[in-house]
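See below for the structure under consideration.
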Amino acid sequence: MIKAIYPPPTSFNIQQENGKEQIFDVVRKQWVRLTPEEWVRQNFIHFLLNNAYPASLIAVEKEIVLNDLKKRCDIIVYRNGEPWMIIECKETNVPLTEKVVHQVLNYNQALLVKYLLITNGTETFGLNTQTKEALTTLPIY
């Protein structure tokens, strides 16, 4: 398991619009609805940025085509112009089950990345797809 250290909640820009909370996504450079899953995604994005991952090489909710179906990856990190890591985020109360693992494995059929991560904000698991070894730390960018 990877230990993710998140920034304090005060470091996020949050606003109310039409009675709903929104959070500013520094990667997409836009306000998005603050859902429980989005809270996890935004925390993980800040974790990546705090670990020297360049914002310009992170894609959020990137559409991919898988078996003629359009899917959205929560986070894709690029390196040398190619997808390098896929991160699937779930809200905190969603357990990281085999179903979640299969979801990210399916996304990898289209992208063929080196690293796969799944997180619910509390637990984060990762895999090096080349060595088939579980990750204990975030890969150095």
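The values are calculated or read from the model by the stated rules, or taken from the named source; none is laboratory data. On a predicted model such as this, the values are computed, not experimentally measured, just so you know. A quick note on method: Cβ atoms are made from the backbone with ideal geometry, for glycine too, and the neighbour counts reach across all protein chains shown. Areas reflect the complete protein model, heavy atoms only, side chains present, ligands, DNA and RNA absent. Shrake-Rupley method; radii C 1.70, N 1.55, O 1.52, S 1.80 Å.
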Self-check item: Matching residues in segment 21-37 - criterion: being surrounded by fewer than 14 Cβ atoms within 10 Å (Cβ to Cβ), part of a strand (DSSP E or B) and among the polar types (S, T, N, Q)
Solution: Gln30
Practice problem: Return the pairs, sorted by first residue and then second, in which the second residue is surrounded by 10 or more Cβ atoms within 10 Å (Cβ to Cβ), the first residue lies in segment 9-20 and is under 14 Å from Phe47 (Cα atoms), the beta carbons are less than 6 Å apart, and the residues are 6+ apart or on different chains. | Solution: Phe12/Ile23
Quiz item: (1) surrounded by 15 or more Cβ atoms within 10 Å (Cβ to Cβ); (2) at pLDDT 95 or above; (3) among the aliphatic types (A, V, I, L, M); (4) part of a loop (DSSP other than H, G, I, E, B): which one isn't true of Ala4, the others all being true?
Solution: (2)
Quiz item: Tyr78: within 25 Å of Gln30 (Cβ to Cβ) and in a helix (DSSP H, G or I), yes or no?
Solution: no
Quiz item: Mind checking which pairs have a first residue in segment 87-109 that is more than 25 Å from Val65 (Cβ to Cβ) and a second that is of a type in the set (Lys, Arg) and surrounded by 14 or more Cβ atoms within 10 Å (Cβ to Cβ), Cβ under 7 Å, 6 or more apart or different chains?
Solution: Leu96/Lys90
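Can you name the residue in segment 56-65 that is surrounded by fewer than 14 Cβ atoms within 10 Å (Cβ to Cβ) and outside any helix (DSSP H, G or I) and, of all such residues, is modelled with the lowest pLDDT?
Taking segment 56-65 as the starting set, the residues that turn out to be surrounded by fewer than 14 Cβ atoms within 10 Å (Cβ to Cβ) are 56, 63, 65.
After this cut, where a residue has to be outside any helix (DSSP H, G or I) as well, the list is 63, 65.
Details: Glu63: 93, Val65: 90.
Step by step, filter segment 56-65, then rank; the result is Val65.
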Practice problem: Give the residue that is nearest to Leu48 (Cα to Cα), with candidates limited to residues of segment 109-141 that are touching a Pro at 6+ places or on another chain (Cβ under 6 Å) and open to solvent by 20 Å² or more (accessible area, probe 1.4 Å). | Solution: Tyr115
Quiz prompt | Only one of Leu112, Leu96 that is among the aliphatic types (A, V, I, L, M), in contact with a strand residue (DSSP E or B) (Cβ under 7 Å, 6 or more places away or on another chain) and modelled with pLDDT of 95 or more | solution = Leu96
